[in-house]
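A.B. asks: Below is the structure I would like to discuss, written out as structure tokens.
The values are calculated or read from the model by the stated rules, or taken from the named source; none is laboratory data. Nothing here was measured: the structure is a model prediction, and the numbers come from that model. Positions of Cβ are backbone-derived with ideal geometry, glycine not excepted, and every protein chain shown enters the neighbour counts.
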Amino acid sequence: MDTFLGYKRSDSRVGVRNHILILPCSVCASDTTRVVSNQVKGTVTFNMQLGCSQLGVDNEYTLDTIAGFAANPNIYGTILISLGCENLQLDLVKKAIEKRTNKPLEGFIIQECGGTLKTIEEATRCAKQMVQDASCLQRSEFPISELIIGTECGGSDPTSGLASNPVIGEISDIIVNAGGTSVLSETTEFIGAEHILAKRAKDESVAKRIYEIIYRYEEHIKITTGLHIRDGNPSPGNKAGGLTTLEEKSLGCIHKGGSTTIEKVYDYSKQIDSGSGLVIMDTPGNDPSSVAGMVAGGCQVVLFSTGRGTPTGNPIAPVIKITGNRETYKIMKDNMDFDASPVIYGEKTFKQLGEELLEEVILVSNGKPTKSEILNFNEIAIQRGANFV
């Protein structure tokens, strides 16, 4: 199975969902976008906590991320809503989006529309029309080379490194060998395994960049907090699950990248080129912010492994939850999408489970909702200048 049914966008990229994004430019517009989205089926939004009182790299992270959300191929079109006096002015966000994509884009400013009620009325009417326009699109068949797959792990235990992450690595290799893109994330969870990743780099410049992002992260945490990253990682949940050191966690994490060559390192939330092979995005280990960066980069689907169990979702891209812990799969069946534990018990091979997971990815890409989508879980966090560990 090497094709899926997706939506061709005006910018030539292919989505697996057909959402209208009601995008808040700042925290002060967030409640307004929520009300609009609640009134129009087919729209998505999220709780925005930033967009104002930010400077420098903080402001850049936020702008890149929300512009990337609008450009993600799972979005048909975007309706921007701003208050009017925030740092991320509507025109600034609009220009950032237009640099990435030419998809439908409308905007409303609360202070100019006459308050929230009038903004809600106008934006709701616009959203209804955009949903109607989007509904005219039909799914078409595309090769899996059009997919950009994000990979993440959270709430890890030893089964993550032994089972679920290597199974994700299998599908990463399949997608890359088919001409697609797989994204390895969580820079903090490369620490102790950086030399292994560097050996897989395409060339010396990519290897150097891998070392740079890891050492920068360690130094940043040390300077800004006076602490070492190893003081907060592994997390208490990781330790309770049986992980003992950050190196042990890192060796499990990098299995998600399979065995292919690392072609490039992308900065947080920057747009990822399709057909890039295996790449790294410089993201924090914090799950919602790492996933947000990859989705802003263009990932249509996220593969998320968890040994302990986590309900994390995303409003724009389906998040497929994978566990190698059979007990977690039973206890958190409402949240888990795929059981990778058979490899631990000798019931199936990594290759067999990789093929089964590919089938699940294609089903989800064709429209099957994930557990987090059914539950409408859409946590969002955005990288800050004072980085998450």
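For every residue, the table says whether it meets (1) part of a loop (DSSP other than H, G, I, E, B); (2) of a type in the set (Val, Ile, Thr); (3) surrounded by 24 or more Cβ atoms within 10 Å (Cβ to Cβ); (4) out of contact with any helix residue (DSSP H, G or I) (no Cβ under 7 Å at 6 or more places or on another chain).
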residue	(1), (2), (3), (4)
Phe142	no, no, no, yes
Ser145	no, no, no, yes
Ser156	yes, no, yes, no
Ser160	no, no, yes, no
Ser164	no, no, yes, yes
Ile168	no, yes, yes, no
Asp173	no, no, no, yes
Gly179	yes, no, no, no
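A.B. asks: Let me ask something else about it. Within the bounds of the range 319-331, is there any residue that is in contact (Cβ under 8 Å) with a residue 12 or more places away in the chain and either within 22 Å of Met48 (Cα to Cα) or acidic (Asp, Glu) (or both)?
C.D. replies: yes
A.B. asks: Got a sec? Which helices (runs of 4 or more DSSP H) wholly within the range 286-389 have at least 2 residues that are within 19 Å of the chain's Cα centre (by Cα) and surrounded by fewer than 21 Cβ atoms within 10 Å (Cβ to Cβ)?
C.D. replies: Working: elements: 287-297, 326-331, 350-365, 371-374.
Those helices (runs of 4 or more DSSP H) span 350-365, 371-374.
A.B. asks: So Ile214 passes all but one of these: (1) assigned to a helix (DSSP H, G or I); (2) of a type in the set (A, V, I, L, M); (3) at pLDDT 95 or above. Which condition number does it fail?
C.D. replies: That leaves (3) as the condition not met.
A.B. asks: Could you run through the range 43-59 and say how many residues are crowded, with 17+ Cβ neighbours inside 10 Å and not hydrophobic (A, V, I, L, M, F, W, C)?
C.D. replies: Residues in the range 43-59 being crowded, with 17+ Cβ neighbours inside 10 Å and not hydrophobic (A, V, I, L, M, F, W, C): 6 in total.
A.B. asks: Filter the range 94-118 for residues that are of a type in the set (D, E, K, R) and either closer than 22 Å to Ile75 by Cβ or without any contact (Cβ under 8 Å) to a residue 24 or more places away in the chain (or both) and give the result.
C.D. replies: Listed by number, the residues that qualify are Lys94, Lys95, Glu98, Lys99, Arg100, Lys103, Glu106, Lys118.
A.B. asks: Could you please let me know if Glu186 is closer than 30 Å to Leu92 by Cβ and within 24 Å of the chain's Cα centre (by Cα)?
C.D. replies: On the way: closer than 30 Å to Leu92 by Cβ: yes; within 24 Å of the chain's Cα centre (by Cα): yes.
It is true that Glu186 is closer than 30 Å to Leu92 by Cβ and within 24 Å of the chain's Cα centre (by Cα).
A.B. asks: So Ile79 passes all but one of these: (1) among the β-branched types (Val, Ile, Thr); (2) within 21 Å of Asp133 (Cβ to Cβ); (3) surrounded by 22 or more Cβ atoms within 10 Å (Cβ to Cβ); (4) touching a residue at least 60 places away in the same chain (Cβ under 8 Å). Which condition number does it fail?
C.D. replies: (4)
A.B. asks: All but one of (1) modelled with pLDDT under 95; (2) assigned by TED's automatic domain parsing to the domain that holds Lys118; (3) not acidic (Asp, Glu) hold for Val36; state the number of the condition that does not hold.
C.D. replies: Of (1) modelled with pLDDT under 95; (2) assigned by TED's automatic domain parsing to the domain that holds Lys118; (3) not acidic (Asp, Glu), only one is false for Val36: (1).
A.B. asks: Condition first: surrounded by 17 or more Cβ atoms within 10 Å (Cβ to Cβ), out of contact with any Gly (no Cβ under 7 Å at 6 or more places or on another chain) and of a type in the set (Val, Ile, Thr). Can you find one or more residues in the range 101-114 that meet it?
C.D. replies: yes
A.B. asks: From the residues in the range 181-193 that are part of a loop (DSSP other than H, G, I, E, B) and on the phi < 0 side of the Ramachandran plot, which one is surrounded by the most Cβ atoms within 10 Å (Cβ to Cβ)?
C.D. replies: Selected residue: Ser185.
Conditions tested, residue by residue: (1) assigned by TED's automatic domain parsing to the domain that holds Gln352; (2) touching a residue at least 24 places away in the same chain (Cβ under 8 Å); (3) under 14 Å from Gly258 (Cβ atoms).
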| residue | (1), (2), (3) |
| --- | --- |
| Gly180 | yes, yes, yes |
| Thr188 | yes, yes, no |
| Ile191 | yes, yes, no |
| Ala201 | yes, yes, no |
| Lys208 | yes, no, no |
| Ile214 | yes, yes, no |
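A.B. asks: Related question: Could you tell me which numbered condition Tyr266 fails, if it satisfies all but one of (1) within 19 Å of Ser160 (Cα to Cα); (2) crowded, with 18+ Cβ neighbours inside 10 Å; (3) at pLDDT 60 or above?
C.D. replies: The number of the failed condition is (1).
A.B. asks: Follow-up. Could you list, in sequence order, all residues of the range 266-285 that are assigned to a strand (DSSP E or B) and of a type in the set (Phe, Trp, Tyr)?
C.D. replies: Tyr266
A.B. asks: Among the candidates Glu86, Glu98, which residue alone is crowded, with 21+ Cβ neighbours inside 10 Å and of a type in the set (D, E, K, R)?
C.D. replies: None of the others qualify; the one that does is Glu86.
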